[in-house]
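Below you'll find the structure, written out as structure tokens, and then a few comments.
The values are calculated or read from the model by the stated rules, or taken from the named source; none is laboratory data. Everything quoted here is computed from the prediction, not taken from an experiment. Heads up, the Cβs are rebuilt from the backbone with ideal geometry, glycines too, and the neighbour counts pull from every protein chain shown. The protein model used for the area step is the full one, side chains on, heavy atoms only, and it has no ligands, DNA or RNA in it. Shrake-Rupley method; radii C 1.70, N 1.55, O 1.52, S 1.80 Å.
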Amino acid sequence: MSASGGTKAIVAALAANLAIAVAKFVAFLFSGSSSMLAESVHSLADSGNQGLLLVGGKKAQREATPQHPFGYGRERYIYAFLVSIVLFSVGGMFAIYEGYEKIKHPHEIEAWYWPVGVLVFAIIAETFSFRTAIKESNAVRGNLSWKDFVRRAKAPELPVVLLEDLGALVGLILALVGVSLAITTGDGVWDGIGTLCIGILLIAIAIVLAAETKSLLLGEAAGVDEVKKIEEALVDNETVTGIIHMRTLHLGPEELLVAAKIAVQHDDTASEIAAAIDAAEERIRTAVPIARVIYLEPDIYRETKPATPAS
């Protein structure tokens, strides 16, 4: 997943959410709708989240240091995890609290045209942001379903923006339904129920984001296609006759570590093995360009210790 594609989607979402947050808060001031207040906080939280993703992307570009020899690529995972925490606490929990208070102490919505007009504007703006995220994601997800794309993507920005925009659109629809029912019936409880539903939705999305980014933080292997390409590139059936075992690990979305024990013939000289390792590393980097850190350990092939492809 290219960093530029993710950045474009983040900037589009940030611009939309800042405009929407201001509009929603103005609508809350004129109407007193709790759905509008919850949605304005939601959009403000989303804007902060996109800011966190941009900061994480910038910090991840720092050069490796003796203290951090593998670089700072995982900064992007850390900031994506922070996004899930902000979405859960600032967005979800606040909306649930506001919904509960509105249900407990309902009041009619004043100047109904403000929240309705703002919600229509917000739906249009969020649709534009969501469309941008879908377009950027389609450029990199290949044949993966949307569910698999969110689960398997090694770059967290696009899945985060996709889920945020989806949650924002559904939340806006819930807010519009709640406000409309409150206006039609004259009962402010419906506004509170809509706000409560928004909070539950945001918490559910935050949990999904937290689970996925936690897996990335713990360290994920290369995808199935990349592992297959690395295996094919490693073995030349001359000096390197097989793979005894292999491990891969993402040091960041666009940097992969490859460590493997490879089988060589017992009569190969040290210079032949060294040349074979250099050639294997070159083949791996050609096949999988993000494989930037490679460690290969030669071992003598034995019949009792067969070389088998890595799973």
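Data table
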read-out: Any hit, segment 190-211, residues being surrounded by 15 or more Cβ atoms within 10 Å (Cβ to Cβ), modelled with pLDDT of 90 or more and more than 26 Å from the chain's Cα centre (by Cα); value: yes
read-out: Residue check, Val55 of a type in the set (Val, Ile, Thr), surrounded by fewer than 18 Cβ atoms within 10 Å (Cβ to Cβ), within 28 Å of Ala12 (Cα to Cα) and touching a Phe, Trp or Tyr at 6+ places or on another chain (Cβ under 9 Å); value: yes
read-out: Close pairs (9 angstrom Cβ cut-off, 6 or more residues apart or separate chains): among the polar types (S, T, N, Q) in segment 258-280, surrounded by fewer than 20 Cβ atoms within 10 Å (Cβ to Cβ) and in a helix (DSSP H, G or I) anywhere; value: Gln265/Glu272
read-out: Whichever residue in segment 139-161 is of a type outside the set (Lys, Arg) and without any contact (Cβ under 8 Å) to a residue 40 or more places away in the chain and, among such residues, is surrounded by the fewest Cβ atoms within 10 Å (Cβ to Cβ); value: Asn143
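Condition check ((1) in contact with a helix residue (DSSP H, G or I) (Cβ under 6 Å, 6 or more places away or on another chain); (2) touching a residue at least 12 places away in the same chain (Cβ under 8 Å)) across all residues:
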{"site": "Thr7", "(1), (2)": "no, yes"}
{"site": "Ala12", "(1), (2)": "yes, yes"}
{"site": "Lys24", "(1), (2)": "yes, yes"}
{"site": "Ser43", "(1), (2)": "yes, yes"}
{"site": "Leu52", "(1), (2)": "yes, yes"}
{"site": "Lys58", "(1), (2)": "no, no"}
{"site": "Arg74", "(1), (2)": "no, yes"}
{"site": "Phe81", "(1), (2)": "yes, yes"}
{"site": "Ile85", "(1), (2)": "no, yes"}
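Per-residue answers, yes or no, for (1) of a type in the set (Val, Ile, Thr); (2) open to solvent by 30 Å² or more (accessible area, probe 1.4 Å); (3) in contact with a Leu (Cβ under 9 Å, 6 or more places away or on another chain):
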position: Tyr79; (1), (2), (3): no, yes, yes
position: Val86; (1), (2), (3): yes, yes, yes
position: Glu101; (1), (2), (3): no, yes, no
position: Lys104; (1), (2), (3): no, yes, no
position: Glu110; (1), (2), (3): no, yes, no
position: Leu119; (1), (2), (3): no, no, yes
position: Ala122; (1), (2), (3): no, no, yes
position: Glu126; (1), (2), (3): no, no, yes
position: Ser137; (1), (2), (3): no, no, yes
